[in-house]
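Q: Here it is, the structure in full.
The values are calculated or read from the model by the stated rules, or taken from the named source; none is laboratory data. The model shown is predicted, which means the values in this text are computed figures rather than measured ones. Virtual Cβ from ideal backbone geometry, glycine too; neighbours counted across all protein chains shown.
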Amino acid sequence: MLKLFQIVNSLPPVWSEKSPHGTLGTYMGGQIVSLSVSAQDPEKGNVTYEKVSGALPPGVHLNKNTGAITGRIPDIDATYEFGIRVTDVHGKYADQIFSIDTRERDQCQSSPCLHSGTCIDDIEDFKCTCAKPYGGKTCQLNCVSSPVGIDQNSKKIPDAQMSCHYCYDDSAGVDGRLHAPQGWVGQNTNSWLQVDLGREMMLHAVANQGYASSNYYISTYTIKYSVDGNSFLDVKNGTSIMDFSGSSSVNSVIKHTFLTPFKARFVKFIPKTFHSKPGMRVELYGCDV
Ligand SMILES: [Ca+2]
Ligand SMILES: [Ca+2]
């Protein structure tokens, strides 16, 4: 009977005048916040807090026992409005609307792009448009001197991604790595050595050597490239297909920088003129896109 009397006569909690009603402030993306809302029950009993409408910023949470609002502010320009209900032990409640303003942070402010790259701000991120020949997240790489890793000494490109066509004798695609012990050997100008980079890259340069232990080397070769492995384009010098000079001896490394860097996943090396048999070992230089 006493309990029933208490429930009927229990007054709802009252939002604290000291609590920052309405807007809880403006915060920058990435900022860690620790705010709170509070209400007291006239009967001095415990109260709980619950969001009953709207939305808190993603990553920000309300503690139902303490009214604490904590978390990491999202990197976005927005106003989040939400209703919180405070309830006493008798089920009596009071609602209040709150809001939090968030501001996208300019991730370009610290000038993260190197070598005259242009920074573009993004959500929680930035993108660099790099000046030639630089690449990488912050334009930190010189793409002309960044090997993709065909080289025998790094083998970042797995064996399964090296192939060849009209290979001479038991020569295989994997033999075509720069600094490989022997080298890839084709039969004629219908032969080719192919490298699948595993992903699209922006390619800036190429290097080749001849076959190591015989006098097989390529005098000139052409390059075809593709993003899908089906339709290939020629690397051109203006309107005509570019001839790349090979090594004049088997072991010297001859490197060429492409006039225009190109985006590709598959690259074919095609012998055009050669000494004895078309033998070669290759590396490409470039950056991820
Ligand atoms: Ca009460
Ligand atoms: Ca941003």
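Q: For the list (1) within 38 Å of the chain's Cα centre (by Cα); (2) assigned by TED's automatic domain parsing to the domain that holds Ser10; (3) on the phi < 0 side of the Ramachandran plot; (4) surrounded by 13 or more Cβ atoms within 10 Å (Cβ to Cβ), I need the number of the one condition that Gly71 fails.
A: (3)
Q: Still on this structure: For the stretch 86-126, give me each residue that is in contact (Cβ under 8 Å) with a residue 60 or more places away in the chain, within 16 Å of ligand 2 (Cβ to nearest atom) and at positive phi.
A: Passing the criteria: only Glu124.
Q: Sticking with this structure for a sec: Could you please let me know if Val195 is under 12 Å from Val267 (Cα atoms) and either of a type in the set (Lys, Arg) or without any contact (Cβ under 8 Å) to a residue 40 or more places away in the chain (or both)?
A: no
Q: Checking Ile100 against (1) under 22 Å from Val60 (Cα atoms); (2) of a type in the set (A, V, I, L, M); (3) not in a strand (DSSP E or B), which single condition isn't satisfied?
A: (3)
Q: Scanning the stretch 73-85 for residues that are part of a strand (DSSP E or B) and touching a residue at least 24 places away in the same chain (Cβ under 8 Å), which turns out nearest to ligand 1 (Cβ to nearest atom)?
A: Step by step, filter the stretch 73-85, then rank; the result is Arg85.
Q: Taking the stretch 263-289 on its own, how many of its residues are over 22 Å from Lys155 (Cα atoms) and of a type in the set (A, V, I, L, M, F, W, C)?
A: The qualifying residues number 1.
Q: Taking the options Thr102, Thr118, Thr138, name whichever one is in contact with a strand residue (DSSP E or B) (Cβ under 7 Å, 6 or more places away or on another chain), hydroxyl-bearing (Ser, Thr, Tyr) and loosely packed, with under 13 Cβ neighbours inside 10 Å.
A: Just a single option satisfies the conditions, and that option is Thr118.
Q: Looking only at the stretch 152-211, how many residues end up being of a type in the set (Ser, Thr, Tyr) and within 18 Å of Tyr225 (Cβ to Cβ)?
A: Of the residues in that region, 2 qualify.
Q: Moving to a separate point now. Run down Gly83, Gly135 and say which single residue is more than 16 Å from ligand 2 (Cβ to nearest atom) and not assigned by TED's automatic domain parsing to the domain that holds Ser10.
A: Within the list Gly83, Gly135, the selection yields Gly135.
Q: Report, by residue number, each residue of the stretch 74-94 that is closer than 30 Å to Val8 by Cα and either exposed (fewer than 14 other Cβ atoms within 10 Å of the Cβ) or aliphatic (A, V, I, L, M) (or both).
A: Passing the criteria: Gly83, Ile84, Val86, Val89, Gly91, Ala94.
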